[in-house]
Amino acid sequence: MKRLDGMIAAAAIVLSGLALGGMVVTDEYAAAARTEARGMMALTHEVSGGNAQITPASLNGTMTASAAASAAVQQ
């Protein structure tokens, strides 16, 4: 029984690795990350009462760490 469990676990790891690799190659991961970033920006804007700084770069999900740091310094 231990042998069967080990083979099933190994097969599950291989299949999940293939699924993750396929998702990254087809840009589904990037699309999901952009969608999540837009949702977080909208939530932040609503929670802050509309005072959050929203830029086109941040809505496109292309805001880099350095751009975020400079935006924080400007505030």
### Query
Using 7 Å Cα-to-Cβ label points, what is the Ser16/Ser48 separation (nm, one decimal)?
3.6
### Query
In nm, to one decimal, how far is the modelled label at Met40 from the one at Asp5, with both set 7 Å along Cα→Cβ?
3.8
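A short reminder: the numbers here are calculations on the coordinates, not readings from a lab. Not measured: the values here are computed from a predicted model. When we count neighbours, we look across all protein chains shown, and the Cβ atoms used for this are built from the backbone with ideal geometry, even at glycine.
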